[in-house]
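Notes follow the structure.
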Amino acid sequence: DVRFDPSPGHNDARLAASLARLDSGSGFAVINLYDGVAPSPGGSPASSLLLVEIVLPKPSGEIVSNALSLFVSPLAIIINSGVARWARWLDGNSQWFGDSDVTDSAGNGFIRIPDTTLYAGGKTQVLGGTIV
């Protein structure tokens with residue numbers, strides 16, 4: 001096994017670069033929640049239904065104790081009913097930033113929302129997310 005353990009300073013610099021990329025551009029970072037099975041990283045979400053587009057505040061988070069923690073997002077209106085299974089992140093330039101899993105607030109998913117069962121016309125928000 002090959003292993004690399006970055007120093008806290010190196011890790012914070014890496015996280016600062018991630019935060020700068022997420023908040024780049026004139027727009028806001030967005031997290032789109034989908035049902036179904038996630039495609040390969042960055043692949044087309046064509047087989048999944050977009051449930052909600054959540055716009056993050058700017059800045060979208062902060063680095064605390066060697067982790068990038070997302071700020072709570074404003075409420076977003078759910079456009080389609082379904083169970084949120086995965087998320088597609090877009091930076092402020094609407095470019096692919098990453099994909100992640102989604103859980104309810106009691107779970108340990110990369111993105112946490114109040115409830116993963118979403119109903120069109122309702123509202124939801126990102127309660128938390130952490131990049132370490």
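The values are calculated or read from the model by the stated rules, or taken from the named source; none is laboratory data. All figures in this text were calculated on a predicted structure; none of them were measured in a lab. FYI the Cβ positions are ideal-geometry reconstructions off the backbone, even for glycines, and counts take in every protein chain you see. With ligands, DNA and RNA removed, areas are computed over all heavy atoms of the protein, side chains included. Shrake-Rupley method; radii C 1.70, N 1.55, O 1.52, S 1.80 Å.
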In the neighborhood of Leu50, defined by Cβ-to-Cβ distances under 10 Å, what is the net charge if each Lys or Arg adds +1 and each Asp or Glu adds -1?
-1
Roughly what angle does helix 8-22 make with the longest principal axis of the chain, taking Cα atoms, 0 to 90 degrees, to the nearest 10?
40
Sorted peptide list for 26-36, 57-67, 6-16, criterion being average Cβ within 10 angstrom, highest first
26-36, 57-67, 6-16
Length-normalised contact order of region 32-132 in % [C-alpha pairs under 8 Å, at least 6 apart]:
29
The chain, accessible surface, carbon-and-sulfur percent (1.4 angstrom probe)
55
Taking 2.2 N^0.38 Å as the expected size of a compact globular protein, what ratio does the Cα radius of gyration of the chain give against it, to two decimals?
1.06
How big is D, in µm² s⁻¹, for region 66-132 by Stokes-Einstein at 25 °C and 0.890 mPa s if Rh is the Kirkwood radius over C-alpha pairs?
196
